[in-house]
Amino acid sequence: MTVSQQTLDEIALSRTEYEMIIDRLGREPAPLELGLFGALWSEHCGYKHTKALLRTLPSSSKRLLVAPGAENAGVIDLGDGLAIAMKIESHNHPSAVEPFEGAATGVGGIIRDIFAMGARPIALLNSLRFGQPDNARTRYLLNGVIGGISSYGNCIGIPDVGGEIFFSDSYNGNPLVNAMCVGLIENGKVASASAREAGDLLFLVGADTGRDGIHGASGLASKGFEEEAEMRSAVQVGNPFLEKVLIEACMEALELPGVVGLQDCGAAGITSAAIEMAERSGMGLKLFIDRVPRREKGMTPYEVMLSESQERMLIAVTPGGETQVFELFDRWDLDASVIGEFELGNNVKIYDEGEQVCSTPVITLTDSPEYKLASSKPAWLDALQKVNMNAIPMPNMPPIKVMLKMLGSPNIASRFPIYQQYDYHVQTNTVIEPGGDAAVLRLKGSKKGIAISTDCNSRICYLDPSIGASIAVAEACRNISVTGAAPIALTDGLNFGNPETPDVQYQLTESIAGITRAADAFKIPIVSGNASMYNESLGSAIFPTPIIGSLGLLEDAEIHATVGFKSQEDIIVLIGTDSCWDEINDIAGSEYLELIHGKVEGQPRLDLDLEVRAQEVCRKAIKAGLVTSAHDVSDGGIAVAIAECSIIGGIGAVITKALPKRWDAGMFGESQSRILLSLDNKNIDQLESIALSHNVPMTIIGFVKGDSLVFGDSLSIPLTVASEAWQNGFNLATSE
Amino acid sequence: MKFGIVVFPGTWSEKDTQYAVSDVLGYESDYIWHDDDNLDQYDVIVLPGGFSYGDFLRCGAIARFSPVMEAVRIFADKGGPVIGICNGFQILCESNLLPGVLMRNDHLEFRCIWTDLRVENTSTIFTSKATEGQLLHIPMSHGEGNYQADEETISRLENNGQVIFRYSDTSGNVTSKINPNGSVNNIAGIINERGNVLGMMPHPEKASEKLIGGDDGNIIFKSLIENTVNSLK
């Protein structure tokens with residue numbers, strides 16, 4: 001019997017892959033088996049186009065406790081018996097179809113990955129990308145996504161402390177919703193998603209299983225989609241209350257002697273969760289599918305195996321431990337059912353009402369095909385990179401107008417209208433709140449703190465995927481360093497178009513190379529990650545968007561720096577460059593170039609060695625107590641960075657350096673590796689000697705002073721005016 | 001002197017409350033599971049923030065039926081001090097231990113911000129360590145904190161000095177512009193007539209240390225501790 005093309009399309013398997021399955025099994029797969037293959041060999045679960053590349057990412061660190069890919073999330077040691085589990089994950093396709101539930105369940109999913117490690121989730125971040133905000137569809141998606149994150153995160157009691165949001169045509173119709181979760185593990189109690197020995201029981205706990213989310217991994221996330229309304233049933237519906245109770249119950253369960261493993265039930269549902277657990281345990285598994293509690297009658301084994309109903313976890317329990325597990329979950333009013341048993345052997349065997357409906361080697365299912373990617377540079381990219389920036393005309397408006405327009409740009413304006421909808425205080429660890437370069441959390445019972453951030457400038461990645469990805473790493477680390485924390489680990493959320501096309505293959509290959517080069521320069525590992533492919537709509541791919549989540553360590557949470565200027569007469573210093581103003585080539589890929597001239601072109605640059613050294617100087621200056629503020633110079637360039645320090649600090653600034661002839665490039669160029677500091681005059685010599693000893697250029701550019709932003713002799717803006725543009729920009733841009 | 005902190009399924013502020021009263025201020029505290037109805041060993045009861053029962057139906061509407069709430073009512077009837085924070089305030093209103101209701105914020109969005117609470121009455125067991133008109137810098141975090149009651153109830157609360165905290169600007173002015181949720185008369189917290197049950201939307205337990213942005217919340221807990229310790233003498 002030959003399977004129909006329609007069936008294969010439904011689960012996103014190619015004819016060649018189907019033949020590969022027959023070859024491996026030595027027979028035609030049964031319909032249920034085919035569903036399992038479809039899920040596990042999906043791009044979403046099987047990483048067919050990315051796994052070869054992902055293996056090349058740096059993963060070694062003496063702080064690494066759990067290696068990337070080995071478990072639900074990587075784990076990094078902080079010392080003092082503390083460790084951090086962290087991971088970023090995408091929920092792009094569900095959010096494009098049903099933004100509220102898509103984003104909400106994205107948050108729910110990443111939280112489960114973290115507490116599956118035995119980690120108490122202590123922070124959430126969201127990295128979001130949308131089409132242009134003047135579009136009604138974008139506003140619908142934006143409001144839905146923010147509403148979903150707010151609804152789920154607030155209910156569950158995990159502070160949402162950071163992230164980014166960026167608007168570009170490239171995401172019209174295909175928003176990106178990446179959620180990152182950070183969890184704290186105390187006393188070295190890392191959990192594993194595996195069974196210990198044959199006879200261990202497999203528990204399913206939490207929500208009942210319904211028909212929601214079937215083909216979420218294989219269908220929705222693993223191919224392009226145009227008829228999105230038809231895919232709505234593939235989006236899951238979240239219940240944050242249930243997840244909150246599930247977290248508490250699972251954290252308690254891990255303390256029981258009989259509980260040996262905990263696994264998230266996420267993409268591809270029980271199929272992926274149970275079979276991965278069997279693989280990790282090196283055992284076979286019997287699954288009694290009729291024992292899975294259902295939300296509705298008449299569900300087939302296929303539907304039960306592939307349902308992506310949320311708020312479910314799998315637990316491996318040694319025989320004899322089940323009574324305590326039942327009692328615990330009963331106290332939390334949660335269902336717990338024994339749905340399987342690990343056994344010696346290699347097969348996953350599925351039984352329905354006593355009848356075996358499937359017996360398939362685990363390794364055959366989990367060893368998805370691996371594709372090699374081409375990587376030849378597209379000609380159009382060459383042309384874009386070679387555009388001469390000198391050909392960009394001067395803006396046809398005065399500096400003050402450009403400045404106010406930049407401050408009000410939806411990509412630059414204050415994000416307060418969004419994050420005031422998220423609870424960022426709960427758990428009472430938040431030292432630096434959202435709105436800075438990175439959030440800082442203290443760790444109770446220790447002097448230490450962590451800094452966390454996400455970053456990716458996808459315009460730059462589009463113009464040069466390799467340098468762009470390196471810059472994403474550099475900026476994610478710079479966000480950390482300006483708080484005073486030392487970057488120690490990264491997680492990557494790779495968001496790309498269709499990996500079967502040569503352009504996307506090039507972008508992927510180059511991006512991974514760029515991440516690798518930068519992570520090596522910082523000597524830090526990528527501890528976890530996620531790849532989301534097929535992000536395109538109406539045939540065109542999104543900008544390559546390798547989002548980098550970063551983790552930094554503060555030895556003393558009390559000693560940190562924040563963005564706002566603090567004291568009149570402090571000196572403003574720029575480190576990482578010996579010039580106050582950028583040059584014309586530095587407007588390549590900048591916000592200025594797109595906002596004012598409507599262009600995304602040019603060749604971005606990065607000196608990784610300088611970047612690493614500049615960040616080190618910044619950290620040392622903060623640790624030595626020399627500086628009163630520190631801010632990363634990025635989107636919008638030096639002029640916007642100064643304005644942000646002034647607005648947040650409520651004090652003006654006088655920049656004494658005269659504006660260059662190309663004041664537009666000078667003010668708004670986006671060259672890398674620059675950090676803006678303010679400090680008391682008495683500390684300037686000490687800062688200079690630190691900079692000198694690290695061979696990092698620095699330049700004194702002005703003073704914290706008055707209540708206006710003054711640039712040379714030619715430009716002066718009352719702080720109240722600048723502040724209004726920046727505070728109101730987001731709401732203005734995103735309201736009708 | 002021991003705090004009892006009630007935990008419903010979905011409560012998330014119990015740990016922050018315990019941290020504030022026990023780790024920071026050094027007083028004993030225990031969690032009380034929602035189906036427990038024995039409060040004999042406690043001197044102060046806290047109903048902390050969170051989303052009890054996921055706020056299904058209506059905030060606090062299900063929690064009021066938990067066995068512990070009957071015990072809380074008896075505790076309050078005997079004059080025992082009870083403080084309900086955020087979801088706890090909502091539960092107290094649903095249980096008729098405090099008058100009025102907490103409706104959806106007038107702008108329909110969740111709001112997490114720092115507020116400045118003007119202390120309206122310092123002759124209560126919750127505010128005796130504050131000065132009249134003092135501003136307490138304390139965060140709020142809710143979607144349904146819009147305090148409303150009928151006119152008669154409001155004027156009774158106002159006349160009896162039962163309005164304890166109002167949202168104000170940093171200079172102590174109570175204006176509609178600074179009102180974060182639409183509450184009538186900028187009301188952020190009220191007490192019952194007897195003066196032993198306080199409900200407030202902002203979270204004093206989230207303002208327990210300077211490192212996390214401020215410690216003004218301790219003024220409320222310290223007042224409560226001092227007055228309770230004195231009454232136990």
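Go through the residues of the stretch A:31-40 one by one and say whether even a single one is assigned to a loop (DSSP other than H, G, I, E, B) and not β-branched (V, I, T). Steps first, answer last, please.
Here is the first cut: in the stretch A:31-40, the ones assigned to a loop (DSSP other than H, G, I, E, B) are none.
Among the residues of the stretch A:31-40, not one is assigned to a loop (DSSP other than H, G, I, E, B) and not β-branched (V, I, T), which makes the answer no.
Which one of A:L36, A:L53, A:L40, A:L78 is closer than 23 Å to A:A521 by Cα, crowded, with 19+ Cβ neighbours inside 10 Å and more than 19 Å from the chain's Cα centre (by Cα)?
Numbers: A:L36 fails: closer than 23 Å to A:A521 by Cα; A:L53 fails: more than 19 Å from the chain's Cα centre (by Cα); A:L40 fails: closer than 23 Å to A:A521 by Cα.
Of A:L36, A:L53, A:L40, A:L78, the one residue that is closer than 23 Å to A:A521 by Cα, crowded, with 19+ Cβ neighbours inside 10 Å and more than 19 Å from the chain's Cα centre (by Cα) is A:L78.
Identify the single condition in (1) surrounded by fewer than 24 Cβ atoms within 10 Å (Cβ to Cβ); (2) of a type outside the set (A, V, I, L, M); (3) under 15 Å from A:N479 (Cβ atoms) that A:Q420 does not satisfy, given that it satisfies every other one.
Going through (1) surrounded by fewer than 24 Cβ atoms within 10 Å (Cβ to Cβ); (2) of a type outside the set (A, V, I, L, M); (3) under 15 Å from A:N479 (Cβ atoms) one by one, A:Q420 breaks only (3).
State which residue is nearest to the other protein chains (Cβ to nearest Cβ) when the search covers only the stretch B:83-98 and only residues that are surrounded by 19 or more Cβ atoms within 10 Å (Cβ to Cβ) and in a loop (DSSP other than H, G, I, E, B). Full working, then the answer.
Filtering the stretch B:83-98 down to residues surrounded by 19 or more Cβ atoms within 10 Å (Cβ to Cβ) leaves B:83-95, B:97-98.
Checking which are in a loop (DSSP other than H, G, I, E, B) leaves us with B:86, B:95, B:97-98.
Details: B:C86: 10, B:S95: 20, B:L97: 24, B:L98: 23 Å.
For the stretch B:83-98, the residue satisfying everything is B:C86.
Between a residue in the stretch A:601-621 that is part of a loop (DSSP other than H, G, I, E, B) and any residue that is among the basic types (K, R), which pairs come within a Cβ distance under 8 Å, given they are 6 or more apart or on different chains?
Every condition considered, the pairs that remain are A:Q603/A:K386.
Kindly indicate the residue of the stretch B:24-36 that is touching a Gly at 6+ places or on another chain (Cβ under 9 Å) and within 17 Å of B:I225 (Cα to Cα) and also farthest from the other protein chains (Cβ to nearest Cβ) among those meeting that condition.
Among residues in the stretch B:24-36 that are touching a Gly at 6+ places or on another chain (Cβ under 9 Å) and within 17 Å of B:I225 (Cα to Cα), the one farthest from the other protein chains (Cβ to nearest Cβ) is B:D30.
Give the residue that is nearest to the chain's Cα centre (by Cα), with candidates limited to residues of the stretch A:122-142 that are under 13 Å from A:N174 (Cβ atoms) and part of a strand (DSSP E or B).
Within the stretch A:122-142, the match that is nearest to the chain's Cα centre (by Cα) is A:L128.
Do we have A:G216 as surrounded by 24 or more Cβ atoms within 10 Å (Cβ to Cβ), away from every other protein chain (no Cβ under 14 Å), at pLDDT 90 or above and within 29 Å of B:P9 (Cβ to Cβ) here? Outline the logic, then answer.
Numbers: surrounded by 24 or more Cβ atoms within 10 Å (Cβ to Cβ): yes; away from every other protein chain (no Cβ under 14 Å): yes; at pLDDT 90 or above: no; within 29 Å of B:P9 (Cβ to Cβ): yes.
No.
Scan the stretch B:101-151 for residues that are more than 14 Å from chain A (Cβ to nearest Cβ), without any contact (Cβ under 8 Å) to a residue 60 or more places away in the chain and of a type in the set (F, W, Y) and jot them down.
B:Y147
How many residues are within 14 Å of chain A (Cβ to nearest Cβ) and either buried (at least 23 other Cβ atoms within 10 Å of the Cβ) or in a helix (DSSP H, G or I) (or both) if we restrict to the stretch B:188-211?
Filtering the stretch B:188-211 for residues within 14 Å of chain A (Cβ to nearest Cβ) gives B:201-211.
After this cut, where a residue has to be either buried (at least 23 other Cβ atoms within 10 Å of the Cβ) or in a helix (DSSP H, G or I) (or both) as well, the list is B:201-208, B:210-211.
Looking only at that region, the number is 10.
Of the residues B:A61, B:A76, B:A71, which single one is farther than 22 Å from B:F3 by Cα, of a type in the set (A, V, I, L, M, F, W, C) and not in a strand (DSSP E or B)?
Values: B:A76 fails: farther than 22 Å from B:F3 by Cα; B:A71 fails: farther than 22 Å from B:F3 by Cα.
Only one candidate passes the filter, namely B:A61.
If you take the residues of the stretch B:1-36 that are hydrophobic (A, V, I, L, M, F, W, C) and in contact with a Leu (Cβ under 8 Å, 6 or more places away or on another chain), which of them is surrounded by the most Cβ atoms within 10 Å (Cβ to Cβ)?
Within the stretch B:1-36, the subset hydrophobic (A, V, I, L, M, F, W, C) is B:1, B:3, B:5-8, B:12, B:20-21, B:24-25, B:32-33.
From what's left, in contact with a Leu (Cβ under 8 Å, 6 or more places away or on another chain): B:1, B:6, B:32.
Values: B:M1: 16, B:V6: 29, B:I32: 25.
Here the residue is B:V6.
Look through B:I164, B:I62 and report the one residue that is crowded, with 22+ Cβ neighbours inside 10 Å and among the β-branched types (V, I, T).
On the way: B:I62 fails: crowded, with 22+ Cβ neighbours inside 10 Å.
Answer to the selection: B:I164.
Which residue, of B:N227, B:N185, B:N181, is modelled with pLDDT of 95 or more, part of a loop (DSSP other than H, G, I, E, B) and over 30 Å from A:L443 (Cβ atoms)?
Working: B:N227 fails: part of a loop (DSSP other than H, G, I, E, B); B:N185 fails: part of a loop (DSSP other than H, G, I, E, B).
Result: B:N181 is the single residue among B:N227, B:N185, B:N181 that is modelled with pLDDT of 95 or more, part of a loop (DSSP other than H, G, I, E, B) and over 30 Å from A:L443 (Cβ atoms).
Could you identify the single residue in A:L246, A:L287, A:L242 that is surrounded by 19 or more Cβ atoms within 10 Å (Cβ to Cβ) and not in a helix (DSSP H, G or I)?
Among A:L246, A:L287, A:L242, only A:L287 is surrounded by 19 or more Cβ atoms within 10 Å (Cβ to Cβ) and not in a helix (DSSP H, G or I).
Please note which helices (runs of 4 or more DSSP H) are completely contained in the stretch A:386-495 and include at least 2 residues that are out of contact with any strand residue (DSSP E or B) (no Cβ under 7 Å at 6 or more places or on another chain) and within 14 Å of chain B (Cβ to nearest Cβ).
A:416-419
Pull up the stretch B:40-58, narrow it to residues that are aromatic (F, W, Y), assigned to a loop (DSSP other than H, G, I, E, B) and under 27 Å from B:R104 (Cβ atoms), then point me to the one that is modelled with the lowest pLDDT.
So the first thing to find is which residues in the stretch B:40-58 are aromatic (F, W, Y), and the list is B:42, B:51, B:53, B:56.
From what is left, the residues that are assigned to a loop (DSSP other than H, G, I, E, B) are B:42, B:51, B:56.
So of that shortlist, the ones also under 27 Å from B:R104 (Cβ atoms) come out as B:51, B:56.
Values: B:F51: 95, B:F56: 91.
The qualifying residue modelled with the lowest pLDDT is B:F56.
Kindly indicate which of A:L404, A:L384, A:L441 is crowded, with 24+ Cβ neighbours inside 10 Å, of a type outside the set (G, A, S) and at pLDDT 95 or above.
A:L441
Please indicate, with yes or no, whether at least one residue in the stretch A:531-553 is within 14 Å of chain B (Cβ to nearest Cβ), touching a residue at least 40 places away in the same chain (Cβ under 8 Å) and not basic (K, R).
Taking the stretch A:531-553 first, the residues within 14 Å of chain B (Cβ to nearest Cβ) are none.
No, the stretch A:531-553 contains no residue that is within 14 Å of chain B (Cβ to nearest Cβ), touching a residue at least 40 places away in the same chain (Cβ under 8 Å) and not basic (K, R).
So B:G133 fits all but one of (1) surrounded by fewer than 21 Cβ atoms within 10 Å (Cβ to Cβ); (2) modelled with pLDDT of 95 or more; (3) assigned to a loop (DSSP other than H, G, I, E, B); what number is the exception?
Only one criterion is unmet by B:G133, namely (2).
For the stretch A:393-421, how many residues meet the condition of being aliphatic (A, V, I, L, M) and touching an Asp or Glu at 6+ places or on another chain (Cβ under 8 Å)?
First, pick out the residues of the stretch A:393-421 that are aliphatic (A, V, I, L, M): A:394, A:397, A:400, A:402-404, A:406-407, A:412-413, A:418.
From what is left, the residues that are touching an Asp or Glu at 6+ places or on another chain (Cβ under 8 Å) are A:394, A:402, A:406, A:412.
Going through the stretch A:393-421 one residue at a time, the tally reaches 4.
Can you tell me which of A:M299, A:M277 is surrounded by fewer than 24 Cβ atoms within 10 Å (Cβ to Cβ), among the aliphatic types (A, V, I, L, M) and outside any strand (DSSP E or B)?
Exactly one of A:M299, A:M277 is surrounded by fewer than 24 Cβ atoms within 10 Å (Cβ to Cβ), among the aliphatic types (A, V, I, L, M) and outside any strand (DSSP E or B), namely A:M299.
Output the number of residues of the stretch A:532-563 satisfying the condition of being in a strand (DSSP E or B), of a type outside the set (V, I, T) and buried (at least 24 other Cβ atoms within 10 Å of the Cβ). Outline the logic, then answer.
Within the stretch A:532-563, the subset in a strand (DSSP E or B) is A:532, A:536-537, A:540-541, A:545-554.
Of the ones still in play, those that are also of a type outside the set (V, I, T) are A:532, A:536-537, A:540-541, A:546, A:549-554.
Subsequent filtering for residues that are buried (at least 24 other Cβ atoms within 10 Å of the Cβ) retains A:532, A:546, A:549-552, A:554.
Within the stretch A:532-563, residues that are in a strand (DSSP E or B), of a type outside the set (V, I, T) and buried (at least 24 other Cβ atoms within 10 Å of the Cβ) number 7.
Residues of the stretch B:37-52 being touching a helix residue (DSSP H, G or I) at 6+ places or on another chain (Cβ under 6 Å) and either surrounded by fewer than 23 Cβ atoms within 10 Å (Cβ to Cβ) or at the interface with another protein chain (Cβ under 10 Å from one of its Cβ atoms) (or both), which ones?
Within the stretch B:37-52, B:D37, B:L39, B:D43, B:G49, B:G50, B:F51, B:S52 qualify.
I'd like to check something: does the stretch A:309-318 contain any residue that is within 14 Å of chain B (Cβ to nearest Cβ), farther than 19 Å from A:L254 by Cα, assigned to a loop (DSSP other than H, G, I, E, B) and not hydrophobic (A, V, I, L, M, F, W, C)?
Initial filter on the stretch A:309-318 (within 14 Å of chain B (Cβ to nearest Cβ)): A:310-311.
Among the residues that remain, those that are also farther than 19 Å from A:L254 by Cα are: A:310.
Imposing the further condition that a residue be assigned to a loop (DSSP other than H, G, I, E, B) reduces the set to A:310.
Still in the list and also not hydrophobic (A, V, I, L, M, F, W, C): A:310.
So far as the stretch A:309-318 goes, yes, one or more of its residues are within 14 Å of chain B (Cβ to nearest Cβ), farther than 19 Å from A:L254 by Cα, assigned to a loop (DSSP other than H, G, I, E, B) and not hydrophobic (A, V, I, L, M, F, W, C).
Restricting attention to the stretch A:498-531, report how many residues are in contact with a Gly (Cβ under 7 Å, 6 or more places away or on another chain), not aliphatic (A, V, I, L, M) and not in a helix (DSSP H, G or I).
4
So which residues in the stretch A:354-380 are hydrophobic (A, V, I, L, M, F, W, C) and assigned to a strand (DSSP E or B), if there are any at all?
Here is the first cut: in the stretch A:354-380, the residues hydrophobic (A, V, I, L, M, F, W, C) are A:357-358, A:362-363, A:365, A:373-374, A:379-380.
Once the filter is applied, which keeps residues that are hydrophobic (A, V, I, L, M, F, W, C) and assigned to a strand (DSSP E or B), the stretch A:354-380 yields A:V357, A:C358.
Kindly indicate whether A:I339 is part of a helix (DSSP H, G or I) and farther than 28 Å from B:V7 by Cα. Show your work before the answer.
On the way: part of a helix (DSSP H, G or I): no; farther than 28 Å from B:V7 by Cα: yes.
So A:I339 fails the test.
Quick test of your reading of the structure: A:V237 fulfils all but one of (1) modelled with pLDDT under 95; (2) surrounded by 19 or more Cβ atoms within 10 Å (Cβ to Cβ); (3) assigned by TED's automatic domain parsing to the domain that holds A:L256. Name the failing condition by number.
(2) is the only condition that A:V237 fails.
The values are calculated or read from the model by the stated rules, or taken from the named source; none is laboratory data. These numbers come from a predicted model, not from an experiment. Virtual Cβ from ideal backbone geometry, glycine too; neighbours counted across all protein chains shown.
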